[in-house]
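Chemist: Mind having a look at this structure? Questions to follow.
Only the coordinates and a few stated rules stand behind these numbers; no lab work does. Here the structure is a predicted model, which means the values were calculated and not measured. Cβ: placed from backbone, ideal geometry, glycine included. Neighbour counts: every protein chain shown.
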Amino acid sequence: MSITIQQINKGFGQFSALRDINLQVPSGELVALLGPSGCGKTTLLRIIAGLETPDSGQILFDGVDTTHADVRERQVGFVFQHYALFRHMTVFENVAFGLRVRPKETRPSNAEIKKRVHDLLKLVQLDWLADRYPPQLSGGQRQRIALARALAVEPKVLLLDEPFGALDAKVRKDLRRWLRRLHDELHVTSVFVTHDQEEALEVADTIVVMNHGQVEQVGSPQAVYDNPATPFVYEFLGNVNAFETPQGKGFVRPYEISVSREADAQSIAGSLTYVHSVGSLVRLEIKRADNEQYVDVELGREQFNQLSFKQGETVYLKPTQLRVF
Amino acid sequence: MHTTQFQQYQGKVASKRATSEPTWVRWSLIGLTLAFLGLFLLVPLAAVFAEALRKGWGVYLAAITEADALSAMKLTLIASLISVPLNLVFGVAAAWAITKFDFKGKSFLITLIDLPFAVSPVIAGLIFVLIFGLQGWFGEWLIDHDLKVIFAIPGIVLATIFVTFPFVARELIPLMQAQGKEEEEAALVLGASGWKMLWHVTLPNVKWGLIYGVILTNARAMGEFGAVSVVSGHIRGLTNTMPLHVEILYNEYNYAAAFAVASLLTLLALVTLVLKTYVEWQASRDAAAIEKEVTA
């Protein structure tokens, strides 16, 4: 199911959380709402779910206006940031909840519910936890149960609020890949909120970068990373060096700078203040001679070994690519 | 191996000494506390039962099975049987509204719920006399329709409801606030109706707090004196609750009977305390069991 968001505005008292949001989520896509905290991404997600009402604007599901439809009628699955599992119910009952609360006419039989729940638990690879209670699970397990519970009602749209926010780095990486594979399998239109650019770049088909209640840029991970539309997107996605240039503010990624010992007409002199060489990339910190500002440069390990710069040495920098806004 | 254990033990003793007061300070503080508790709690408690049984079991039993005493007990039971369920419903509704929704006048509502705690019970009783009494706002209307509120059972029930109103809500609000509303939202998104959400998600989560609130409400409903005293009219066998009955017997110098009935109220208090402790123990055991599983 596709989602169309038209001119959504939302304020909380004096604070304007969302301003004139327009967005199209094609059917079957996995979209990330990416932005710093307080940018309105969670509010937008909750408006799509029906947990908040916009002050103005419309939400369309498959072209049908659902702005004022009840949460219960929207057929969305929502995975909460802290999972919101029902703490006094077993894992099985948690997943079965959405089926059990249906009115009698549409409620599946007990045997069907049992089968559905076990199928879902198998899908999230946690069938063996059916009789446990949520507080007895690890963060990653809770996350997957929350997902199974959301999927139990066969949602047309799956919405996830900071799905990996509360997990440690290793589990996070695993779950992220797993979610991507699950999405490829189920093909349910999904929107997830994150403040982690790496997560968005790795998992999403499309990234929506948001800031101060507005959409800054929409595009594929490649597009938003390589061609940031605004200074904000440049700074938010990945490391970047910002310069003042006569034409405006200039941005250069750390790997878009060449370093050498020989000066030429366009190069800038600086002294190498710090070398950080853990991993495949070597990060250099260089203090510019002209304005004392620090510049981050990334070199491949091999390249660095060939050049073998020493700390304190004077080097010459030249951007290989520069964007000016 | 043994050495290290010994060292550990020694370390513990040393650190314990380092963080505690000298022996004489500790014992005098403990002694003071025990003396205080004994004087203000245990001695009066013992006195109630001693006085009640001073003239023997026969007099005791007679005092608590006498017709007026039985009718006082019946009235006390009626008052609490009506006010406890009503305040249970009000309390849950108020706590639900306050913790799960944002609306204007919320802090005013919280203040309003606390009002019965802030106001003297006598004033609370007086309020109802002023509203429903003969000279009150609805006095004439009530007489015209042959309805009696003041100096009758309805007045006593009203006064009891008023003074016990905050207990359930006060117990639930902090609990429900701490739990947040994510689980309710999850239930909603999964298609649960309001009733199903309340019944399957909200209430099970606040079970122990709710029971605790009900126990406190009941204790206060049965023990209330001030407010009920004003609206009751002290008609023997008709509008006397147990605490009022105790007062009347006492004023008539019928000490054995007064203490006999009082001993029943005291027993109620003790039962309440036991129940309260049991509920607290259960609640913490539930939490601890889960905690243990998590760390295991």
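Chemist: Antiparallel as a % of all DSSP beta bridges within chain A, to the nearest 5?
Modeler: On the way: 47 of 65 bridges.
If I count the DSSP bridges inside chain A, around 70 percent turn out antiparallel.
Chemist: Taking K and R as +1 and D and E as -1, what net charge do the other residues with C-beta under 13 Å from the C-beta of A:VAL64 add up to? Before the final figure, lay out the partial values.
Modeler: Details: positive: A:ARG74, A:LYS156; negative: A:ASP62, A:ASP65, A:GLU73.
With Lys, Arg at +1 and Asp, Glu at -1, the neighbours total -1.
Chemist: Separate question: Can you run phi through the Karplus equation (6.51, -1.76, 1.60; θ = phi - 60°) for the range B:163-176 and list ³J(HN,Hα) in whole Hz, with x for Gly and Pro?
Modeler: Listing the rounded values in order: 6, 9, 3, x, 4, 5, 4, 4, 6, 7, 4, x, 5, 5 Hz.
Chemist: A further question follows. Under a 5 Å amide H to amide H cut-off, with H placed in plane at 1.01 Å, what residues pair with A:VAL79 once short-range neighbours are removed?
Modeler: Amide H neighbours of A:VAL79: A:LEU159, A:LEU160, A:ASP161.
Chemist: Sticking with this one: Would you calculate a helix-derived [θ] at 222 nm for chain A, using -39,500 (n - 2.57) for each DSSP H run of n ≥ 4 and dividing by the full residue count, to the nearest 500?
Modeler: Values: 9 runs with 91 residues, N = 325.
Taking each H run of at least 4 residues, the total per residue is -8000 deg cm²/dmol.
Chemist: Pairs B:LYS104/B:LYS181; B:LYS100/B:LYS207; A:LYS10/A:LYS249: which are spaced more than 23 Å apart, C-alpha to C-alpha?
Modeler: Working: B:LYS104/B:LYS181 18 Å; B:LYS100/B:LYS207 17 Å; A:LYS10/A:LYS249 31 Å.
Check vs 23 Å cut-off fails for A:LYS10/A:LYS249.
Chemist: A further question on this structure: Gaussian network model of chain B, Cα springs within a sub-10 Å range: biggest mean-square fluctuation belongs to which of B:ALA47, B:ALA257, B:ALA178?
Modeler: Of B:ALA47, B:ALA257, B:ALA178, the most mobile in the Gaussian network model is B:ALA178.
Chemist: Next question. Suppose every Lys and Arg Cβ carries +1 and every Asp and Glu Cβ carries -1, with no other charges. What dipole size does chain A come out with about its Cα centre, to the nearest 20 debye? Please list the in-between numbers first.
Modeler: Numbers: 37 positive and 40 negative charges, 239 e Å.
In total the dipole reaches around 1140 debye.
Chemist: Now for a separate question. Reachable lysines from A:LYS104, Cα under 26 Å, same-chain residues fewer than 8 places away excluded?
Modeler: A:LYS114, A:LYS115, A:LYS156, B:LYS196
Chemist: Non-local amide H neighbours of A:ALA17 (under 5 Å, H modeled in plane, Pro and chain starts lacking H): which ones?
Modeler: A:LYS10, A:GLY11, A:PHE12
Chemist: Right, another one. What is the distance in Å between the Cα centres of the range B:188-227 and the range B:262-279?
Modeler: When both Cα centres are located, 20 Å separates them.
Chemist: Let me ask something additional. If I model the range A:3-233 as equal point scatterers sitting on the Cα atoms and use the Debye formula, what is log10 I(q)/I(0) at q = 0.11, 0.15 Å⁻¹?
Modeler: -0.56, -1.02
Chemist: Taking +1 at the Cβ of each Lys and Arg and -1 at the Cβ of each Asp and Glu, which of B:LEU45, B:PRO204, B:ILE82 sits farthest along the dipole of the protein assembly as shown towards its positive end, judged by Cα position relative to the Cα centre?
Modeler: Ranked along the dipole, the leading option is B:LEU45.
Chemist: Which of the three applies to chain B, rounded, prolate or oblate, going by the alpha-carbon gyration tensor with a ≥ b ≥ c and a/c under 1.5 meaning rounded? Numbers along the way, then the final one.
Modeler: Values: a/c = 2.46, a/b = 1.25, b/c = 1.97.
Cα axes put chain B in the oblate bin.
Chemist: Per-residue Cβ counts within 10 Å, from other chains only, averaged over A:132-143: what number is that? Before the final figure, lay out each step's value.
Modeler: Working: counts 1, 4, 1, 7, 7, 2, 1, 0, 0, 0, 0, 0.
Per-residue shielding by partner chains comes out at 2.
Chemist: A further question on this structure: As a footprinting exposure proxy, order A:ARG149, A:ARG253, A:ARG19 by other Cβ within 10 Å, with the fewest listed first.
Modeler: Details: A:ARG149 30, A:ARG253 22, A:ARG19 15.
Sorted ascending by nearby Cβ count, the order is A:ARG19, A:ARG253, A:ARG149.
Chemist: With springs only between Cα atoms under 10 Å apart, run a GNM on chain A and tell me which of A:GLN217, A:GLN143, A:GLN14 wobbles the most.
Modeler: A:GLN14
Chemist: Can you give me the orientation-averaged projected area of the convex hull built on the Cα atoms of the range A:176-325, in nm²?
Modeler: Working: hull surface 44.0 nm².
Computed as one quarter of the Cα hull surface, the answer is 11.0 nm².
Chemist: Among B:GLU171, B:GLU252, A:GLU93, rank each residue by its count of other Cβ atoms within 10 Å, from fewest to most, as a rough exposure measure. Numbers along the way, then the final one.
Modeler: Numbers: B:GLU171 23, B:GLU252 10, A:GLU93 17.
Arranged by neighbour count, lowest to highest, B:GLU171, B:GLU252, A:GLU93 become B:GLU252, A:GLU93, B:GLU171.
Chemist: Distance between the C-alpha centers of the range A:85-129 and the range A:2-44? Whole Å please.
Modeler: So the separation of the two Cα centres works out to 31 Å.
Chemist: According to a simple spin-label model (label point 7 Å from Cα along Cα-to-Cβ), what is the distance in nm between B:LEU70 and B:THR33?
Modeler: My value for the distance between the label points is 4.7 nm.
Chemist: Then there's this: Trypsin sites (Lys or Arg not before Pro) within the range A:244-325: which are DSSP loop residues with at most 16 other Cβ atoms inside 10 Å?
Modeler: On the way: sites: A:LYS249, A:ARG261, A:ARG283, A:LYS287, A:ARG288, A:ARG301, A:LYS310, A:ARG323; in loops: A:ARG261, A:LYS310.
Loop-located and lightly packed - A:ARG261, A:LYS310.
Chemist: Hey, another quick one. What list do you get for B:HIS145, A:HIS88 if you sort them by fewest beta carbons within 10 Å?
Modeler: Working: B:HIS145 8, A:HIS88 18.
Neighbour counts put them in this order, fewest first: B:HIS145, A:HIS88.
Chemist: Then there's this: Beyond 50 Å, what share of the Cα-Cα pairs of the protein assembly as shown is found? Please give it as a whole percent. Show your work: numbers first, answer last.
Modeler: Values: 77024 of 192510 pairs.
The calculated P(r) of the protein assembly as shown puts 40 percent of pairs beyond 50 Å.
Chemist: Can you work out ³J(HN,Hα) from phi for every residue in the range B:242-249, in order, using Karplus 6.51 cos²θ - 1.76 cosθ + 1.60 and θ = phi - 60°, giving whole Hz and x for Gly and Pro?
Modeler: 4, x, 5, 4, 4, 4, 4, 4
Chemist: Using a 10 Å Cβ count of at most 12 others and DSSP loop calls, identify the longest part of chain B lacking such chymotrypsin sites (Phe, Trp or Tyr not before Pro).
Modeler: Answer - B:138-252.
Chemist: Starting at the first residue of the range B:101-116, write each ³J(HN,Hα) from the Karplus equation 6.51 cos²θ - 1.76 cosθ + 1.60 with θ = phi - 60°, in whole Hz, x for Gly and Pro.
Modeler: 10, 10, 8, 6, x, 5, 5, 5, 4, 4, 4, 4, 5, 7, 3, x
Chemist: Roughly what % antiparallel, to the nearest 5, for the DSSP beta bridges in the protein assembly as shown?
Modeler: Details: 47 of 65 bridges.
Expressed as a percentage, antiparallel bridges in the protein assembly as shown total about 70.
Chemist: Fully extended, how many nm does the chain gain between A:TYR255 and A:SER271 (0.36 nm per residue separation, minus their Cα-Cα distance)? Write out the running numbers ahead of the final one.
Modeler: Numbers: separation 16, 0.36 × 16 = 5.76 nm, distance 1.77 nm.
Fully extending the segment from A:TYR255 to A:SER271 adds 4.0 nm.
Chemist: Okay, moving on. Under the 0.36 nm per residue contour assumption, what length would be gained going from the current alpha-carbon distance of B:ALA62 and B:SER120 to full extension?
Modeler: Working: separation 58, 0.36 × 58 = 20.88 nm, distance 3.49 nm.
Extra length from B:ALA62 to B:SER120 when fully extended: 17.4 nm.
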